[in-house]
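Worksheet for the structure shown next.
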Amino acid sequence: MKPCSFERSKARIHAAAGRMPGGVSSHFRFGVSPTPLVFRKAEGVHLHDLDGNRLIDYYMGLGPMILGHTPADVIDAARRQLDQGLLYGGQSELEFEAARLVCELVPCAERVRFASSGSEAVQLALRLARAATGRGRVLKFEGHYHGWLDSVLWSVAPPPAAMGPEDHPASCPGSAGQDPGAGRDVEVLSWNRPGQVVDRIARGDVAAVIMEAAMFNSGAILPLPGYLEAVREACTRTGTILVFDEVITGFRVAPGGAQERLGVVPDLAVFAKAIANGFPVAAVAGRGDVMDRLATGGVVHGGTYNAQPVAMAATVATLKRLSAPQVHEAMEARGRRLMAGFEAAFRDAGMTATVTGFPQIFHVGLGLEKPPVNYRDTLAIDRARYVRLTTALLERGVRALERGAWFLSTEHDDQVIDTTIEAMRDAVAAVAREA
Ligand code: PLP
């Protein structure tokens, strides 16, 4: 079969760059190999690009499209709402129903507040934590991503030369132009080291500990047994607010997210992505006494588009579907098969790699001998070679993230999984031949 080519996308991006920096609208769509792609449409698990390629998609919108690109129930719900008006500047039954579903599904959710992006919802969670505790300090972890804003874009991908010793990691800005003052109260720790975080929390001056409870931004790293429990216990003892950033894991790794799957309940949790299957919806959910500071405690949170009715209609339809356990069970089985197929492909080619995470979102770490335990372990990943692998996959009609993550949806059926495994075997063989 002729390999896919991407010349039209390349030319269009080049031309668009005259009006839009880099020809894209997000940093994370820029600088990918062989080019950022330009799409005409999507359906199910497939993307159709400008060059006429029909690609099996594992970006899935970078996580949101858990029911595939064109779920009829979500689209019908949104379409029906389009005829009822676009933005009321007030409440609707739809957001009350969406709130009911979030509170039913998510263990920590006694209350919920909707927003429009994960980045801003994180800001609300931290503001609530500071208001509830009267403290300023926030602990975050190397390699964990909580959005692009100045207050949290610290040590997400720190360069080895700047990251300092593991016992006392340095706080490295993630962007040129970032306000140094925004990091004054943010302290960076190494994740999965219970002693380090428990000792730090014990000093009693921390407002919030924020983490991806299972980390999917720099590799897929699961918490070591007992780690989350130890942090939970230290937070409870000191009145520190534990925040799980479930923007990736929420509604994806289980109906109630990582907190359900891992059995540890935070005080607050942040959601986005899969909550609305492609519509711009985010949420902060958690303890009633903390959340109610939005009503009675002087905590301000606004947003013209919060709980926009069309997006809320999509949220309700998405969460209703994700409420049925069979949905996750089916993804679980297919994801496991995909992970095992990849492991066999690497093994058969004599290529060292780990395949870690959950079946609904996992990560391939090329060059790793064993599953990573924290960010520093992921520095051994052969990223340049993995980019050659994702480029080879793209030429074979499979689109996967260059950073190693694989997002599944309910629409990745057995046939799609088989085709993907075959493409992976072929791409691995091609990359192995290069060496
Ligand atoms: N938190 C995590 C764990 C994320 O993965 C992301 C985005 O990828 C965000 C926060 C930011 O969400 P958004 O891109 O909706 O602002």
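For region 73-322, rounded, prolate or oblate, judged on the Cα gyration tensor with a ≥ b ≥ c (square roots of eigenvalues), a/c < 1.5 rounded, else prolate if a/b > b/c? Judged from the Cα gyration tensor, region 73-322 comes out prolate (a/c at least 1.5, a/b above b/c). Extension gain, Ala161 to Asp289, is 41.8 nm, computed as 0.36 nm per intervening residue step minus the present C-alpha separation.
Placing Cys172, Cys103 in order of accessible area, with the largest value first and a 1.4 Å probe, yields Cys103, Cys172.
The fraction of accessible area contributed by carbon and sulfur in the chain is 53 percent, rounded to a whole number (1.4 Å probe; ligands and nucleic acids excluded).
Maximal additional length on extending the Lys320-Glu229 stretch stands at 29.7 nm, based on 0.36 nm per residue less the C-alpha distance.
Among residues other than Leu368 whose Cβ falls under 9 Å from its Cβ, what is the net charge (Lys/Arg +1, Asp/Glu -1)?
-2
Please work out the Cα center distance from region 248-297 to region 82-118, rounded to the nearest Å. Centre-to-centre (Cα) distance: 12 Å. Charge tally around Arg127: other residues with Cβ under 13 Å, Lys/Arg +1 each, Asp/Glu -1 each, net +2. Using the Cβ-Cβ distance between Glu7 and Cys103 with R0 set to 45 Å, the FRET efficiency works out to roughly 0.35. Taken along the Cα-to-beta-carbon direction at a fixed 7 Å, the label points for Glu43 and Thr236 span 5.2 nm. Placing pseudo-labels 7 Å out from each Cα toward the beta carbon at Arg385 and Ala202 gives an inter-label distance of 4.2 nm.
Using only side-chain charges placed at the Cβ, +1 for Lys and Arg and -1 for Asp and Glu, the dipole size of the chain relative to its Cα centre rounds to 660 debye. In this structure, the amide hydrogen of Ala213, modeled 1.01 Å from its nitrogen in the peptide plane, lies closer than 5 angstrom to those of Asp245, counting only residues at least 5 positions away or on a different chain. Shown for the chain: lysine pairs separated by 8 or more places, or found on different chains, whose C-alpha atoms are under 29 Å apart, numbering 9.
Largest first, the extents of the alpha carbon coordinates of the chain on the three principal axes equal 63, 57, 47 Å. Legend: calculated FRET efficiency, Arg337 to Ala176, from the Cβ-Cβ distance at R0 = 51 Å, rounded to 0.05, equals 0.75. Remark: region 339-344, residue by residue, has Karplus-estimated 3J(HN,Hα) of 4, 5, x, 5, 4, 5 Hz, where x stands for each Gly or Pro and the curve is 6.51 cos²θ - 1.76 cosθ + 1.60 at θ = phi - 60°.
Relative to the current alpha-carbon distance between Asp76 and Asp418, full extension at 0.36 nm per residue lengthens the span by 120.1 nm. In the chain, the calculated helix contribution to ellipticity at 222 nm averages -11500 deg cm²/dmol per residue, counting -39,500 (n - 2.57) for every DSSP H run with n ≥ 4.
Largest first, the residues Lys10, Lys41 sort by 1.4 Å accessible area into Lys41, Lys10. Residues Tyr145, Tyr59 ordered from highest to lowest accessible area at a 1.4 Å probe: Tyr145, Tyr59.
The values are calculated or read from the model by the stated rules, or taken from the named source; none is laboratory data. Quick caveat, the model's predicted, so the values are computed rather than measured. No Cβ is skipped: glycine too gets one built from the backbone with ideal geometry, and neighbour counts run over all protein chains shown. To get the accessible areas, we keep the full protein, side chains included, count just its heavy atoms, and leave off ligands, DNA and RNA. Shrake-Rupley method; radii C 1.70, N 1.55, O 1.52, S 1.80 Å.
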